[in-house]
Amino acid sequence: MGKLRSLPQKRVIRILLGNGFVQIRSESHITFKKTTPDGRVLTTWVPHHNEVTLFVIQYIIKQSEKDRREFE
């Protein structure tokens, strides 16, 4: 497995949108939501910063249930 690192905000948003997430709100953070085939609702957020930190990337991976390789 590769190493996680900070990523540009636009790349993180592209990854989420490409995986079926929809932007639902943009306040202090941009909120994304997705309903899974079994009816569960996944919600995550991306801060309004040029770079998204490693800690936040790990949080997004956990909340979105995406493979960490997509964020490497």
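Note down all Cβ pairs under 6 Å where the first residue falls in the stretch 1-24 and is in contact (Cβ under 8 Å) with a residue 12 or more places away in the chain and among the hydroxyl-bearing types (S, T, Y), the second is assigned to a helix (DSSP H, G or I) and surrounded by 13 or more Cβ atoms within 10 Å (Cβ to Cβ), and they're at least six residues apart or on different chains. Cβ pairs passing all conditions: S6/L54. Put simply, of T53, T44 the only residue that is of a type outside the set (F, W, Y) and in contact with a strand residue (DSSP E or B) (Cβ under 8 Å, 6 or more places away or on another chain) is T44. Looking at the structure I just gave you, is L7 in contact with a Ser or Thr (Cβ under 7 Å, 6 or more places away or on another chain) and either polar (S, T, N, Q) or crowded, with 16+ Cβ neighbours inside 10 Å (or both)? No; evaluated as a whole, the condition is false for this residue. In the stretch 39-54 there is no residue that is without any contact (Cβ under 8 Å) to a residue 24 or more places away in the chain, assigned to a helix (DSSP H, G or I) and basic (K, R).
Filtered by the rule that a residue be out of contact with any helix residue (DSSP H, G or I) (no Cβ under 9 Å at 6 or more places or on another chain), part of a loop (DSSP other than H, G, I, E, B) and among the basic types (K, R), the stretch 3-34 gives a lone residue, K3.
FYI, it's all coordinate maths here, none of it is from the lab. In this text, all values refer to a predicted model and were calculated from it rather than measured experimentally. Please note: Cβ atoms are built from the backbone with ideal geometry, for glycine as well, and neighbour counts cover all protein chains shown.
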